[in-house]
Amino acid sequence: MFSRSLSYVVFRKELRETLRDKRVLLGVIVSPLLVTPLILGTIFFFAGKKQMQKGEAILDIGIVEQAAFPELVQQLDDNATIKTKHFDTREEAITAVEKRIVRAVLVVSETARIDFQNDQSAGLEIIFTFANETSQSAKSRLQNIIKEFDKSALAKRIQTMALPESFAKPTSLSINNIATSESTGSFVLGLFLPYLIVISAAFGGIQTAFDLCAGEKERSTMETLLVSPASRSDIVQGKLFTIFTISLIASLCAITGIVGPLAFGLDFLKDSVGNQISINLTSVLAMLLIVVPLALFTSSLLLVISSFARNQKEAQTYILPFISIILLPAMLSTIFGAETQLYTAFIPVMNISLTMKQILGDLFDPLYFAISLGSSFLYAYIVMRIATAFFQRENILFRT
Amino acid sequence: MIIAENLTKTFRDRKRGLVRAVNNLSLTCHPGQIFGLLGANGAGKTTTLRMLGTLLEPTHGNATIAGYDIRKNPEEVRRSIGFLSGSTALYGRLTAREMIQYFGQLNNLRGTDLSTRVDELIESLKIGEFENGRCDKLSTGQKQRVSIARSIVHRPPVMIFDEPTSGLDVMTSQTIMAFIEQCRIDNLTVVFSTHIMSEVERLCDRVAIVHHGVIAAEGSVDELRQLTGEAVMENAFLKIVHEMKDPNV
């Protein structure tokens, strides 16, 4: 029994020591639970505020009338969301846009009014600069005003010609989104949450792994432990389960740090992922289950790196390949859709991320889930064996 | 009791090729006796003690400690020894009490047996005043007392000391020396490695001079002095090692 074994004694001590490490507490618990929501909240708050300001701001618009077009220009002059300024030439107006005197310019062509009155298309041109956000907004606002103008002009033309309203609408299309606001929210959440969980599970244990092995060598406590009756396997298991536990805590805190504020009704976060977030208990349990082999896999990999390194500094230099092994498949999972081919269930890390995407997107596939879970446990077992073998080797443990 | 027969350890070194760190080293140490391994840095003392402590596996040869074979019963061997070296450190984020408790648990002490033994050590080694202080906040002397407690929490019949006073000041060294002497009084079997002559003269009942991984000479301090005709142990040591050729060359 684990609880009675020396592995458990080692595990309990390592966990106790790890949880007293301020660096781990800050990185694994405090940061995802407090700092991440705070940063996200600040970003969304200011983004929302800016968006609101953008919508409320009165924008300066230039008008160049190469020939009079009072029907349209009057409408522009009367619009309360813009302030118009008239220019005589196109060049003059372009200079004004460049100098930010006005943000965009509407150029009315010489034949615009005649064409309009003859039921033709009136020639108009918008001048703006893409390199300026306000100028882009001014362009959009102008487009919307002209769209409204077009709409009312078209209605008048149809009326004059005694045509039915459907004349201008050859098809009548209605779009019906059957997704509930909850499932839309979960779908959007599925786009980034699995990636976040994978990264947290993989990187949450780094500090602990380096401290428990390379750090012990560095501080000369490893010899103290190796000379105790605990076997090398007991020591590896105890350390591995500590890193695994910390990785799991890191994942849980990452999930809580994102989903928690949404659940507690922080609107600025809610708006960014959908109207409502709903993850049922079964989904949460399935996600927890699938993250277990991933955390075991990454913990074992970290232990291999840490046992090979002479000290923590050296361990940090070996971390780059580890990051690639985890990040690449995790990033690929954002490209692959949730409805993917079965072979991807054998690709480590990516399979976990895609399984979570399926769970969140209401596309749960039991076969895919089973293969992902099984293959991930197999990979975790293989790396665990490598970690144990590393720990048996004197030339690795006593590298100086 | 410790019986080592033809212990040999070879390492492959990238620059030096195959290195024989310990070469056919044999020794016997009885209960109530302090056996000293005296040698310069790199002589093979630490490697020998690490083999006895089952940290390293011998390339050839074998040893029994308290009746247990180091190859066949490494865990029983570790249960029978207390290992203290100058380089063995404490866990900084554990308190002194937790540190002793942890090693008690690793030696299968549980419940009241464990708490009684921990209390006993805290009292006898005068750890009480800092028992709840984290090890990384303790002074060197306090750390040494905790290290001693950690090494004997399971009442081992054999003690292995690998340069235990290395890097310590005179006062702290005295605590260790007094402890080693106490081990002899308690009839423990003690193996002790050092390169400090005064420690050998004060503590050791028998001394083996180790040079280039082999025992160059063995006997009591007096016997070694007589053998070399030198009155001072340091001179005796130098004479013996200078007369020896490096078997690795």
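The values are calculated or read from the model by the stated rules, or taken from the named source; none is laboratory data. Only a predicted model underlies this, so the values are computations on that prediction, with no experimental measurement involved. Here the Cβ positions follow ideal geometry from the backbone for every residue, glycine too, while neighbour counts run over all protein chains shown. These accessible areas exclude ligands, DNA and RNA; they are computed on the full protein's heavy atoms, side chains included. Shrake-Rupley method; radii C 1.70, N 1.55, O 1.52, S 1.80 Å.
Rounded to the nearest whole Hz, the Karplus-based 3J(HN,Hα) values (6.51 cos²θ - 1.76 cosθ + 1.60, θ = phi - 60°) of the range B:69-76 follow the sequence 6, 5, 7, 7, 10, x, 5, 5, with x at glycine and proline.
Here the 3J(HN,Hα) profile of the range A:303-320, calculated from phi with Karplus coefficients 6.51, -1.76 and 1.60 at θ = phi - 60°, is 5, 4, 4, 5, 6, 6, 6, 6, 8, 5, 5, 5, 4, 5, 6, 8, 6, 4 Hz, Gly and Pro shown as x. Were the residues from B:ARG16 through B:ASP69 laid out at 0.36 nm apart, the gain over their Cα-Cα distance would be 15.9 nm.
When +1 charges are put on Lys and Arg Cβ atoms and -1 charges on Asp and Glu Cβ atoms, the dipole computed for the range A:181-397 relative to its Cα centre reaches about 520 debye.
Considering only protein heavy atoms and a 1.4 Å probe, what is the carbon-and-sulfur percentage of the accessible area of the protein assembly as shown?
On the protein assembly as shown, the fraction of accessible area on carbon and sulfur atoms equals 56 percent.
Remark: accessible surface ordering of B:PHE83, A:PHE130 (largest first) is A:PHE130, B:PHE83, probe radius 1.4 Å. Taking a ≥ b ≥ c as the square roots of the eigenvalues of the alpha carbon gyration tensor, the range B:19-69 is oblate, as a/c is not under 1.5 and a/b does not beat b/c. FRET efficiency for the pair A:LYS147 and A:LEU342, taken as 1/(1 + (r/R0)^6) with r the Cβ-Cβ distance and R0 = 45 Å, rounds to 0.45. Hey, rough spin-label estimate for A:ILE178 and A:THR42, points 7 angstrom out along Cα→Cβ, what's it come to in nanometres? So the two model labels end up 4.5 nm from each other.
The residues of chain A have, on average, 52 Å² of accessible surface per residue, using a 1.4 Å probe with all protein chains present. Roughly how many Å is it from the Cα centre of the range B:101-157 to that of the range B:177-249, as a whole number? Comparing the Cα centres of the range B:101-157 and the range B:177-249, I get a distance of 31 Å.
Ranking of A:GLU133, A:GLU71 by solvent-accessible surface, largest first: A:GLU133, A:GLU71 (1.4 Å probe, protein heavy atoms only, all chains present). Helix B:96-106 and the longest principal axis of the Cα set of chain B meet at an angle near 70°. Taking the DSSP bridge list for chain B and keeping only pairs wholly inside it, about 55 percent are antiparallel.
In this structure, the amide hydrogen of A:THR84, modeled 1.01 Å from its nitrogen in the peptide plane, lies closer than 5 angstrom to those of A:ILE61, counting only residues at least 5 positions away or on a different chain. A protection proxy built from the mean count of other Cβ atoms within 10 Å ranks the segments B:20-30, A:332-342, most packed first, as B:20-30, A:332-342. Between the listed residues A:PHE87, A:LEU327, B:ALA178, the Cα displaced farthest toward the positive end of the dipole of the protein assembly as shown, a dipole computed from Cβ unit charges relative to the Cα centre, is found at B:ALA178.
Decide, for the protein assembly as shown, between rounded, prolate and oblate: order the square roots of the alpha carbon gyration tensor eigenvalues as a ≥ b ≥ c, take rounded if a/c falls under 1.5, and otherwise choose prolate if a/b is larger than b/c, else oblate. Because a/c hits 1.5 or more and a/b exceeds b/c, the protein assembly as shown counts as prolate. Here the extension length gained between A:LEU25 and A:GLN136 equals 35.5 nm, from 0.36 nm per residue of separation less the Cα-Cα distance. Each Lys and Arg contributes +1 and each Asp and Glu -1, all at the Cβ; summed about the Cα centre of chain B, the dipole is approximately 920 debye. Report, in degrees rounded to the nearest 10, the 0 to 90 angle that the Cα long axis of helix A:133-160 makes with the longest principal axis of chain A. The angle comes out at about 50 degrees. In summary, the lysines within cross-link reach of A:LYS49, defined as a Cα separation below 17 angstrom excluding same-chain residues under 8 places away, comprise A:LYS270. For the listed residue pairs A:LYS85/A:LYS139; A:LYS313/B:LYS9; B:LYS9/B:LYS239; A:LYS22/B:LYS137; A:LYS217/B:LYS9, the alpha carbons are over 18 angstrom apart in A:LYS313/B:LYS9; B:LYS9/B:LYS239; A:LYS217/B:LYS9. Helix A:350-360 and the long axis of chain A differ in direction by around 60°, with both axes built from C-alpha atoms. A:ARG113 exposes around 80 Å² of accessible area when a 1.4 Å probe is run over every protein chain in place.
Computed about the Cα centre, the dipole magnitude for the range B:151-249 is approximately 180 debye when only Lys and Arg (+1) and Asp and Glu (-1) carry charge, each at its Cβ.
Rounded to the nearest 5, what is the percent of antiparallel bridges among the DSSP beta bridges in the protein assembly as shown?
The antiparallel proportion sits near 45 percent.
Between B and A, buried accessible area from a 1.4 angstrom probe totals roughly 2800 Å², ignoring ligands, DNA and RNA.
So with the 1.4 Å probe, I'd like the accessible area per residue for chain B, rounded to whole Å².
44 Å²
Placing a pseudo-label 7 Å from each Cα along the Cα-to-Cβ vector at B:MET197 and A:ALA57 gives an inter-label distance of 8.7 nm. Considering only beta bridges that DSSP places wholly inside the range B:78-211, some 10 percent are antiparallel.
Could you tell me which of rounded, prolate or oblate describes the range B:42-106, using a ≥ b ≥ c as the square roots of the eigenvalues of the alpha-carbon gyration tensor, with rounded for a/c under 1.5 and, failing that, prolate when a/b is larger than b/c and oblate otherwise?
On the way: a/c = 3.24, a/b = 1.59, b/c = 2.03.
Oblate is the answer for the range B:42-106, as a/c is 1.5 or above yet b/c matches or exceeds a/b.
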